[in-house]
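Inspection log for the structure reproduced underneath, given as structure tokens.
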Amino acid sequence: MSARTGKVLGLGIAATGLAHFAAPAAFEPVTKMAFADDVRNWTYRNGATELAIGLAIAARPTRKAGVAGLAVYAGWLARRVLSRR
């Protein structure tokens, strides 16, 4: 991944994380699919996680850890959604 691609991808993920705090209602329908109980709290938790992962990907020294974190986070969310069906 090029430095520019990593920075743009990371900042995009971080911005999405921040958006969870600015407009939580927009994320609640998606969050509810994985976390039916306490949706607002999980919306904020997911936002914080995405912010941290995004910032890690945006910075070259932590990019590999950020990408690994993104993979684990995406897998965990997918598992949560599938287990609630």
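The values are calculated or read from the model by the stated rules, or taken from the named source; none is laboratory data. It should be emphasised that the depicted structure is a prediction, and the values quoted were computed from it without experimental measurement. Here the Cβ is made from the backbone with ideal geometry for all residues, glycine too, and neighbour counts use every protein chain on show. For accessibility, only protein heavy atoms count, side chains too; no ligands or nucleic acids. Shrake-Rupley method; radii C 1.70, N 1.55, O 1.52, S 1.80 Å.
Considering only the stretch 1-37, state which residues are aromatic (Phe, Trp, Tyr) and at pLDDT 95 or above. Across the stretch 1-37, the qualifying residues are PHE21, PHE27. Residue pairs whose Cβ atoms lie under 9 Å apart, separated by 6 or more positions or on different chains, with the first residue in the stretch 1-16 and over 16 Å from ALA71 (Cβ atoms) and touching a residue at least 12 places away in the same chain (Cβ under 8 Å) and the second open to solvent by 70 Å² or more (accessible area, probe 1.4 Å) and among the aliphatic types (A, V, I, L, M), are LEU11/LEU55; ALA14/LEU55. Scanning the stretch 76-84 for residues that are under 17 Å from VAL8 (Cα atoms), open to solvent by 50 Å² or more (accessible area, probe 1.4 Å) and of a type outside the set (S, T, N, Q) turns up nothing. On inspection, PRO61 fails the criterion of being more than 16 Å from THR5 (Cα to Cα) and open to solvent by 80 Å² or more (accessible area, probe 1.4 Å). Taken over the stretch 22-52, the criterion of being loosely packed, with under 14 Cβ neighbours inside 10 Å and in contact (Cβ under 8 Å) with a residue 40 or more places away in the chain is satisfied by ALA36 alone. Listed conditions (1) open to solvent by 70 Å² or more (accessible area, probe 1.4 Å); (2) of a type in the set (A, V, I, L, M, F, W, C); (3) free of Cβ contacts under 8 Å to residues at least 12 places away in the same chain are all met by LEU55, apart from (3).
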